[in-house]
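Below is one structure; the comments refer to it alone.
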Amino acid sequence: MKLIGWAIVLAAAGLTPAAAQAPQAPAPTTAAAQPAVDHSKMPGMAMPVTPPTPGIGVPDGRKGIQFQVTDIGREAQAFHDNWLLVLCAVISAFVLSLLGYAMWRFRRGAHPVPSRNTHNTLLEVVWTLVPVLILVAIAIPSIKLLRHQYSPPKADLTVKVIGNQWYWTYQYPDNGDLEIVSNMLKERGDVKPGERFRTDADGPPLLAVDERMVIPAGKVVKFIVTSNDVIHSFGVPALWQKMDANPGQLNETWAKVDRPGVYFGQCSELCGARHGYMPIAIEAVSQAKFAAWVASKGGTMPGARPAAAPDSTGSSPVSEAAVPAAAQLQPNAGPAAADAAAVKQPALNQAATAQN
Ligand SMILES: [Cu+2]
């Protein structure tokens, strides 16, 4: 009982181990902190890098849930902040005051002969019913949130997310089976001359990657999550996403990001020695920019080819954007480096598996 009392006191004071955790990563520094780097001159770079917005999509030391960029995320955040936290605080304060009252009221000095009561029917009914009602009050919005989360609308785009020891592969089956390999960017001092290194535009240390997953903002994106080796977990806090990547199993999740931006996450399942070095970076862009990015990587937009034919009439904004973008960006030879990486990485991966 004493132990429970202390646990409640600590919880009320916000001193539980979970609450006392240090911030995950330092606040992102401004772009001025490092000398400007021309990304277009770096190997494998076809497009300029969009820097993350401070405080959005990146951990910045603040407590609480990251700024949410999906409807589901905002619903979950409101449930957590406006309901669960309030309920926890009220229950903690109530139990703490009850404890204080009992310690004062029934102290030996004021109450030398202890009470011999063992039953009180009314009290027993109340302390059984009240917790049941509290659980029901939590379960109703919780199940509603789960229903929203697991009722995906029709997907506009599918991305297959594959965890590998220790990097991510993203496949775009709707875009000509485009595949990109995403590795963490090393710091300037850790790379050989001529190799690409992390800059502030790429994102914070340990989160910035060489190839971001690019998705269109405002569209429903279905993520099919799996793994090539061990269990990983695809976790992106700003998108309210965390889905296990299990070998031999396809898990499905989805997100509709409503604002363009860069959102970082990490593998959230202990997956081996370099588990801490396989970050996730998702860049949500306009539909036109997405089409341009797909073209720059050698992929195709659904319907882009018919639109390019001279006799076609009606075409969607997607295909209109994709065709000129393809014409502009393909000579950059950006995809070549990405393709080389895509070929090389699985071989490295096999070597790593063999060693283990
Ligand atoms: Cu992992």
One residue from P216, P204, P193 being farther than 20 Å from H232 by Cα and at pLDDT 95 or above: P216
Odd one out for S227 among (1) away from the ligand (no atom under 12 Å from the Cβ); (2) over 23 Å from D202 (Cα atoms): (1)
When every residue in the stretch 282-303 that is part of a loop (DSSP other than H, G, I, E, B) and not charged (D, E, K, R) is compared, the one farthest from the ligand (Cβ to nearest atom) is G303
Residue among D244, D200, D210 that alone is in the same structural domain as Q266 (by TED's automatic domain parsing), within 16 Å of the ligand (Cβ to nearest atom) and of a type in the set (D, E): D244
Of the numbered conditions (1) at pLDDT 50 or above; (2) of a type outside the set (A, V, I, L, M); (3) buried (at least 20 other Cβ atoms within 10 Å of the Cβ), P335 fails exactly one; give the number of that condition. (1)
Residue, surrounded by the fewest Cβ atoms within 10 Å (Cβ to Cβ), within the stretch 236-280, restricted to residues that are of a type in the set (G, A, S) and within 17 Å of T158 (Cα to Cα): A255
Residue that is nearest to the chain's Cα centre (by Cα) [pool: residues in the stretch 249-281 that are part of a loop (DSSP other than H, G, I, E, B) and more than 10 Å from the ligand (Cβ to nearest atom)]: V257
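The values are calculated or read from the model by the stated rules, or taken from the named source; none is laboratory data. Note that the coordinates shown come from a computational prediction; the quantities given were computed from them, not determined experimentally. Note: ideal-geometry Cβ built from the backbone for every residue, glycine included; neighbour counts use all protein chains shown.
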